[in-house]
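Have a look at the structure below before the remarks.
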Amino acid sequence: MASTVDIANFALNNLGASNISSLDENSKAARIVNQRYESVRDAVFRAHPWNCLMQRSQLAQDTETPAYGYAKQYSLPADPFCLRVLEFSTGTLSYPQDNITSNTGGPVFVIEGRKLLTDENSAQIKYIGRITDPQQYDASLIEALAARLAAEVCYAVTGSTSMVQIQTSLYEAKMTEARFNDATEGATQRLEASDFIESRF
């Protein structure tokens, strides 16, 4: 299975650079990759609802309440760290599937900082978690992450703007493939038009 160093080396190999033995080694390539790896990883995680990163959580209501707009707030999960909320559920209704709205007709929930604000008495979420162990990653995610990392560190490693364009195109192709593979895994999800779309007919 791939490790963090393996992913870094996949990226460096795409650039024609030599392998590194660790992200902490005293080499230019290692320093550049080490500086960018975590932020690039999180950006790729947020870019798609990866099945291998999916988490579920029943949130605990905070004692403090929002100053206005919503009646309740819930802290987002920290273990694993919540990078992106994909679905909100009250236990009986889910957003976006059931197109539920708040008491005022607005969004049933909003994310502000590390809080989820809502009027609901229960908050269950599906979310993308910051999984740091690459052995948990799908093969397509590894390929996409390595390609994005290569594009991000390309100019610093190679000094070539044309190579940056090549690596950016490679990342986009890897993401298209990864999204297709990931989206076609498991049972088909029920899709419903939004209230806005349905109001047109």
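For the structure I just gave you, tell me whether ARG36 is surrounded by 19 or more Cβ atoms within 10 Å (Cβ to Cβ), of a type in the set (Lys, Arg) and outside any loop (DSSP other than H, G, I, E, B). Considered against the rule, which asks whether it is surrounded by 19 or more Cβ atoms within 10 Å (Cβ to Cβ), of a type in the set (Lys, Arg) and outside any loop (DSSP other than H, G, I, E, B), ARG36 comes out as no. Out of ASP6, ASP98, one residue alone is of a type in the set (D, E, K, R) and at pLDDT 95 or above. It is ASP6.
Residues are listed down the side, and each one gets a yes or a no for (1) surrounded by fewer than 19 Cβ atoms within 10 Å (Cβ to Cβ); (2) in a helix (DSSP H, G or I); (3) in contact (Cβ under 8 Å) with a residue 40 or more places away in the chain:
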site	(1), (2), (3)
ASN9	no, yes, no
GLU64	yes, no, no
ALA67	yes, no, no
TYR70	no, no, yes
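When every residue of region 115-123 is checked against the conditions, at least one turns out to be within 30 Å of GLU38 (Cβ to Cβ), within 23 Å of the chain's Cα centre (by Cα) and in contact (Cβ under 8 Å) with a residue 60 or more places away in the chain. Within the bounds of region 9-23, is there any residue that is outside the structural domain of THR168 (by TED's automatic domain parsing) and within 21 Å of ASP138 (Cα to Cα)? No - not one qualifying residue is present in region 9-23.
Can you confirm whether region 108-127 contains a residue that is among the acidic types (Asp, Glu) and part of a loop (DSSP other than H, G, I, E, B)?
Residues of region 108-127 that are among the acidic types (Asp, Glu), as a first pass: 112, 119-120.
Filter once more, so that each one left must be part of a loop (DSSP other than H, G, I, E, B): 119-120.
Yes, region 108-127 has at least one match.
Pairing residues of region 160-185 that are without any contact (Cβ under 8 Å) to a residue 40 or more places away in the chain and part of a helix (DSSP H, G or I) with residues that are of a type in the set (Val, Ile, Thr) and buried (at least 16 other Cβ atoms within 10 Å of the Cβ), at Cβ distances under 9 Å and at least 6 apart in sequence or on separate chains, gives VAL164/THR158; TYR171/VAL44.
The values are calculated or read from the model by the stated rules, or taken from the named source; none is laboratory data. Everything quoted here is computed from the prediction, not taken from an experiment. With ideal geometry, Cβ positions are generated from the backbone for all residues, glycine too; neighbour counts draw on all protein chains shown.
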